[in-house]
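Quick notes on the structure that follows.
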Amino acid sequence: MPSELGNLVARHGGEAISAPALREAALPMRQDVRDVIDGICAHTIQAAVFLTGVGARALINAADELGRKDEFLDALRETTVICRGPKPVAVLKPLQVPIALVSPSPYTSEDLLAALKESDINLSGKRVVLQHYGEVNAWLRGELEALEADVLEVSLYSWQLPEDTRPVVDAIALMLAQDVDALMLTTQSQAHNLFRIAEQVGLADELREALSSGIVVASVGPVCTRALRDHGVEPDVEPVNPKMGPLVLALADYLNAQDSVPSHAAAATGT
């Protein structure tokens, strides 16, 4: 969402340099998808955790591709369905799929887990589908396994490198020259892809140094922060609410507190 993020930056007096670091790519029909559809239809899967509306719709479309959409939806209506926020609900509710639990705002995986622990839903010993989004949510998988759930993972799409990496390479050059004041990242995949591209052009160490000395690094939330730390970068800014708006506001507040007026902000954006 580069234009939306750029508009938010401009609204707070900054200049956004858009450098898309990932693209969403549909995955071909794989065995994990077939296993999930088989398990739901056979009622051997007792619960399903949907993290995104895109993933929920893609799973239903996969069942349709296999000629099992009606059978799948009938079985899903008898499955304990858990949604991370309103987007998967918007896909499933019109199809008369009952929703057992929806995580509260701001709809993070941490919010979903907390709500699950406070609910009367018991996943111990149950087979549970975890629908990943463009990246594998290893943290949530581990937490579900800690609740003694038998987790069956499924991925319907992935976040891959952009087809044209030149905007990211150009943004890296600006960061190395200290010609930007801040870097904003809105997903962990952006952090991984940023350094993957930097490694491809032999500038990973230089980028790590630049982001640790002078350039303000703003991370949208704890998952993105963990990814940055994996690459040796400690974020300066992380909003309480892990959304784009609060991220831009938190960055503006941080820069204003430093009596700094940002002239540029490099934004690694998802689409």
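The values are calculated or read from the model by the stated rules, or taken from the named source; none is laboratory data. As the structure is a prediction and not an experimental result, all values here were calculated from the model. Because the Cβ atoms are built from the backbone with ideal geometry, glycine has one as well, and the counts that use them run over all protein chains shown. With ligands, DNA and RNA removed, areas are computed over all heavy atoms of the protein, side chains included. Shrake-Rupley method; radii C 1.70, N 1.55, O 1.52, S 1.80 Å.
One table, with the values for the structure above:
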| quantity | calculated |
| --- | --- |
| Every residue from the range 15-51 that is open to solvent by less than 20 Å² (accessible area, probe 1.4 Å) and in a loop (DSSP other than H, G, I, E, B) | Ala19, Ala21, Leu22, Ile45, Leu51 |
| Of residues in the range 198-221 being under 19 Å from Leu22 (Cα atoms) and out of contact with any strand residue (DSSP E or B) (no Cβ under 9 Å at 6 or more places or on another chain), the one modelled with the lowest pLDDT | Gly221 |
| Scan of the range 222-251 for residues that are of a type in the set (Gly, Ala, Ser) and in contact with a strand residue (DSSP E or B) (Cβ under 6 Å, 6 or more places away or on another chain), ordered by number | Ala250 |
| Residues within the range 117-165 that are closer than 26 Å to Asn193 by Cα and either modelled with pLDDT under 95 or of a type outside the set (Lys, Arg) (or both), tallied | 26 |
| Residues located in the range 88-111, provided they are modelled with pLDDT of 95 or more, within 20 Å of Glu153 (Cβ to Cβ) and in a helix (DSSP H, G or I) | Pro88, Val91, Leu92 |
| Filter result for Glu145 (among the charged types (D, E, K, R) and touching a Lys or Arg at 6+ places or on another chain (Cβ under 7 Å)) | no |
| Candidates Ala58, Ala63 - the one that is surrounded by 14 or more Cβ atoms within 10 Å (Cβ to Cβ), within 17 Å of the chain's Cα centre (by Cα), part of a helix (DSSP H, G or I) and not charged (D, E, K, R) | Ala58 |
| Filtered residue count, the range 185-221, keeping only those that are open to solvent by 50 Å² or more (accessible area, probe 1.4 Å) and under 22 Å from the mean Cα position of the chain (by Cα) | 2 |
| Subset of the range 80-129 (residues that are in contact with an Asp or Glu (Cβ under 6 Å, 6 or more places away or on another chain) and either of a type in the set (A, V, I, L, M) or farther than 18 Å from Val151 by Cβ (or both)) | Pro104, Leu113 |
| Index of the failed condition, Leu123 passing every other in (1) crowded, with 19+ Cβ neighbours inside 10 Å; (2) closer than 30 Å to Met244 by Cα | (2) |
| In the range 250-271, the residues that are open to solvent by 80 Å² or more (accessible area, probe 1.4 Å) and either modelled with pLDDT of 95 or more or hydroxyl-bearing (Ser, Thr, Tyr) (or both) | Thr271 |
| Top-ranked residue in the range 83-120 [being closer than 22 Å to Leu59 by Cα and over 22 Å from the mean Cα position of the chain (by Cα); ranked as surrounded by the most Cβ atoms within 10 Å (Cβ to Cβ)] | Val97 |
